[in-house]
Amino acid sequence: MNDTAGIKVPVMRKKRNVEQRRETAMGFFFVGPMLIGLTIFTLLPILATMYLSLTEWNFIAGIDKIKFVGLDNFIRLFHDPIFLQSMKNNAVLMITIPITMLISLLLAIIINKHVYLKGFFKVIYFMPYISTIVAIAVVYQVLFHPSFGPVNQFLMSIGVDNPPKWLADIKFSLYSVMMIQVWSGIGFSLIIYMAGLQNIPQDLYEAADIDGASTWHKLHSITLPMLSPTSFFLLVTGIIGTFKIYDLIAVLTSGGPADSTNVMVYYLVETAFVNLKTGYASSMGIMLLIITLAITMIQWVAQKKWVNY
């Protein structure tokens with residue numbers, strides 16, 4: 001019996017090792033294509049951008065024209081007024097994220113609790129999010145037309161003599177873009193918040209009712225803490241999204257007037273593919289990567305104090 005048991009143990013161990021190797025191989029088989037794609041389309045371009053940011057190069061001149069300039073491109077960035085203006089505009093655009101989240105949360109609570117035909121309203125609010133940005137930009141170009149736009153026509157009809165020129169006005173152009181961004185982003189945040197609201201156990205609200213809690217106390221002590229992971233997700237993705245904004249600016253204002261709506265990605269693309277300064281544009285890309293990583297890390301550290309899992 002002991003000899004038989006002594007033979008069975010190595011056999012079982014060998015069989016288990018074979019199964020583990022087979023599972024590992026299957027794991028690599030399924031994950032492999034994604035890793036290859038991630039390496040080719042993300043990791044290698046990042047490494048190439050890091051190298052090019054230290055060079056002066058025009059991508060149509062050929063690889064042999066690459067000239068190493070060290071940190072000169074990064075030094076130039078901090079003396080470039082257009083780049084500094086685009087950084088400032090990106091920072092201002094981040095304000096739209098908490099505004100969008102607040103409006104979306106209020107709408108989600110109202111629709112979830114007090115409105116019939118929830119599906120209909122969800123579709124209505126989600127439509128701007130799935131609409132093409134070109135269509136949205138054209139609509140707002142008509143609405144905000146300085147002379148014939150419905151917005152200014154309404155303002156003049158109620159006695160405003162000199163209404164703002166919106167997208168054509170340096171003082172109002174960025175705020176106009178912010179309004180459009182909030183409007184187009186409400187649908188996505190609303191859907192996410194409604195999903196979060198429907199996952200809150202109703203037992204908590206019933207217990208609060210028994211204790212005589214007011215609506216404000218239930219919102220403050222139950223709804224907001226239970227939705228904090230959802231809010232954190234929307235905050236992180238929203239802020240990253242503001243640094244990626246390009247299409248709305250390209251179609252709506254082209255960064256104008258006088259760079260008042262210029263943002264980092266738009267200036268980067270213009271520098272790389274219009275002015276053909278690939279090395280300088282790469283240094284902008286690296287700065288964008290550093291800023292985004294830094295903000296995300298700060299959010300990740302700060303979330304430990306207000307997000308409840």
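The values are calculated or read from the model by the stated rules, or taken from the named source; none is laboratory data. Every value quoted in this text rests on a predicted model; they were computed, and no experiment measured them. Every residue, glycine as well, gets a Cβ built from its backbone with ideal geometry; the counts of neighbours run over all protein chains shown. SASA here: full protein model, heavy atoms, side chains in, ligands and nucleic acids out. Shrake-Rupley method; radii C 1.70, N 1.55, O 1.52, S 1.80 Å.
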Taking only Cα atoms and a 10 Å spring cutoff, compute GNM fluctuations for the chain and point out the largest among PRO128, PRO225, PRO201.
PRO201
Treating the beta-carbon of each Lys and Arg as +1 and of each Asp and Glu as -1, no other charges, what is the dipole magnitude of segment 182-270 about its Cα centre, to the nearest 20 debye?
160
Highest-fluctuation residue, LEU105, LEU190, LEU71 considered, GNM on the chain with Cα pairs under 10 Å
LEU71
Nearest 20 debye, what's the magnitude of the dipole of the chain about its Cα centre given +1 on Lys and Arg Cβ and -1 on Asp and Glu Cβ?
960
Roughly how many Å² is the accessible area per residue of the chain, as a whole number, for a 1.4 Å probe?
62
In whole Hz, what ³J(HN,Hα) sequence does segment 255-270 give by Karplus (6.51, -1.76, 1.60; θ = phi - 60°), x for Gly and Pro?
x, x, x, 6, 6, 6, 10, 5, 10, 4, 5, 5, 5, 4, 5, 5
Using Cα springs under 10 Å in a Gaussian network model of the chain, which residue among VAL251, VAL139, VAL11 shows the largest mean-square fluctuation?
VAL11
The chain - mean residue ellipticity at 222 nm from DSSP helices (-39,500 (n - 2.57) per run, n ≥ 4, rounded to 500)
-22500 deg cm²/dmol
Interchain or sequence-distant (5+) residues whose placed amide H lies within less than 5 Å of the amide H of THR55 are VAL69
Taking 0.36 nm per residue of sequence separation and subtracting the Cα-Cα distance, how much length would be gained by fully extending the chain between LEU117 and ARG22, in nm to one decimal?
29.1 nm
Give me the percent of accessible area attributable to carbon and sulfur for the chain, probe 1.4 angstrom.
70
Counting other Cβ atoms within 10 Å, keep those with at most 13, restrict to DSSP loop, and tell me which trypsin sites (Lys or Arg not before Pro) in segment 99-187 are left.
LYS171
